[in-house]
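What follows is one structure encoded as structure tokens, with my remarks underneath.
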Amino acid sequence: MLIDGTPVDPEAIVEFIERWTPAIEKIGATFFEATTAMAFDLFAQAGVQAAVVETGLGGRLDATNVVVPRVAGVTMIGIDHTDLLGGTLEGIAREKAGIFKRGAAAVIGEPDPGIAGWLGEHALAAGSAPVVQVATTMAIREITVDAHGTHFRCVRAGDSEPISLRTPLIGRHQAANAATAIAMLDAGGASYSVSNERVKEALARVSLAGRFQRHGRFIFDVAHNPAGAEVLATTLRSVSAPSPVTALVTVLADKDWRGMLAALAPVVDHFVLSVAPTAPASRLWDPAEALAHARAAGWSAELVPDFDAAIARAGETGKTILITGSFHTVGDVMARLQVTPHGG
């Protein structure tokens, strides 16, 4: 939780926990529900005028969906959380569309015309206005990716000439994400729309913790489904990371770890499999099963149950060390290496 780019005061978090834990336990609130309430409370106390609130799971039944937004946006749809959202892209799109509200703008960044069409239909049915399809209102051109970020040209809705933009975030998908963010600002009305120069300035200094975040030889990425792993693999290729690449991977049991390993295998020379210490006991994967699967597929892999030893082993075997599989994986390694998520 950041306010004006600064992490919230730890003491405020402690105070919230001490005050509200009895009520949280009484009603059986989940960790995400409790921390969502905490965020809203801290934002209110700070007098926040505009908040960026990301859903944690789906949208329709997500804890964050108690807010009535000025703008609701959906970026891209992937297969994830199938036990709760359904196993089809159309079903997942329906759940994601649950954040669209009557009278609030809906911005759809999904590039697939079919999925974008479903989302648009749901937005209209919800009474959203306006409904903006980024693919048809924002033209993205000349995307180039290197180790320092992503460069692209974008014709903003209403403009006749493209603007040249750069973001330190790495990956072709970051151009589409940036266009969606710009479209959301524009859809928010005159008080939120910003000039092209302001857009350039803001994008040039944006950061996103745990999303292809580089720290020396380490790359941290919280990809936790096959679609995210495919994007990660594409981005890794684009920066020509030094070989060999070793990936320390731990995944939650309810995720498609087979699909993730398959997506990463073409760009990873060696897998080190382990279990993240903070992963919930009810969702622990079986790394021995993953090891057997990897070896059967012909991929170089080993199992190191002790997490600290797994980190050390990854460092021994790779010039580039990829940490991925879940937020727990990335967070636990960052904590041990004393890497600050928002430190770049």
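The values are calculated or read from the model by the stated rules, or taken from the named source; none is laboratory data. Small disclaimer: the values here were computed from a predicted structure and weren't measured. Here the Cβ positions follow ideal geometry from the backbone for every residue, glycine too, while neighbour counts run over all protein chains shown. Accessible surface areas use protein heavy atoms only, side chains included; no ligands, DNA or RNA. Shrake-Rupley method; radii C 1.70, N 1.55, O 1.52, S 1.80 Å.
Pick from Leu169, Leu61, Leu322: which residue has the top mean-square fluctuation in a GNM of the chain where Cα pairs under 10 Å get a spring?
Leu61
Ignoring ligands, DNA and RNA, how do Lys255, Lys96 rank by accessible area with a 1.4 Å probe, largest first?
Working: Lys255 20, Lys96 55 Å².
Sorted descending by solvent-accessible area, the residues read Lys96, Lys255.
To check you understand DSSP bridge types, tell me what percent of the beta bridges within the chain (both residues inside) are antiparallel, rounded to 5.
Values: 17 of 40 bridges.
Percentage antiparallel, nearest 5: 45.
What distance in nm separates the two pseudo spin-label positions at Leu124 and Ser191, each 7 Å out from Cα along the beta-carbon direction?
For the pair Leu124/Ser191, the computed spacing is 3.0 nm.
In terms of the Cα gyration tensor, with a ≥ b ≥ c the square roots of its eigenvalues, is the range 191-344 rounded because a/c is under 1.5, prolate because a/b exceeds b/c, or oblate?
It comes out prolate by the Cα gyration axes.
Local charge sum around Asn65 (other residues, Cβ-Cβ under 12 Å, Lys/Arg +1, Asp/Glu -1)?
Numbers: positive: Arg60, Lys96, Lys101; negative: Glu33, Glu54, Asp62, Glu95.
Cβ neighbours under 12 Å give a net charge of -1.
Can you tell me the relative contact order of the chain? Whole percent, Cα pairs under 8 Å, sequence separation 6 or more. It would help to have the intermediate numbers written out before the result.
Numbers: 584 pairs, mean separation 40.8, N = 344.
After rounding, I find 12 percent.
When ranked by the protection proxy of mean other Cβ atoms within 10 Å per residue, highest first, what sequence do the peptides 131-143, 199-211 form? Mind showing how you got there, number by number?
Details: 131-143: 17.6, 199-211: 15.6.
Descending mean neighbour count gives 131-143, 199-211.
Would you work out what percent of the accessible area of the chain, with all protein chains in place, is carbon or sulfur (probe 1.4 Å)? The partial results should precede the final answer.
Working: 9530 of 17340 Å².
Of the solvent-accessible surface of the chain, carbon and sulfur hold 55 percent.
For the range 82-143, just say rounded, prolate or oblate: build the C-alpha gyration tensor, square-root its eigenvalues into a ≥ b ≥ c, call rounded for a/c under 1.5, and beyond that prolate if a/b exceeds b/c, oblate if not.
Numbers: a/c = 2.52, a/b = 1.21, b/c = 2.09.
Oblate shape, in that a/c is at least 1.5 and b/c is the bigger or equal ratio.
If you take P(r) over Cα pairs in 20 Å bins from 0, in percent from the coordinates, which of (1) 23, 29, 21, 21, 6, 0; (2) 27, 60, 13; (3) 31, 60, 9, 0 do you get?
Of the labelled values, this structure produces (2).
Please work out the C-alpha center-to-center distance from the range 169-217 to the range 279-308 and express it in whole Å.
So the two Cα centres are separated by 35 Å.
With both partners inside the range 202-325, how many of the DSSP beta bridges are antiparallel, as a percent to the nearest 5? Numbers along the way, then the final one.
Values: 4 of 20 bridges.
Antiparallel bridges: around 20 percent, rounded to the nearest 5.
For the range 130-149 and the range 254-278, write down the distance between their C-alpha centroids in whole Å.
Comparing the Cα centres of the range 130-149 and the range 254-278, I get a distance of 29 Å.
By a straight-distance test (C-alpha under 24 Å), which lysines pair with Lys255 as possible cross-link partners, with residues fewer than eight away in the same chain excluded?
Lys96
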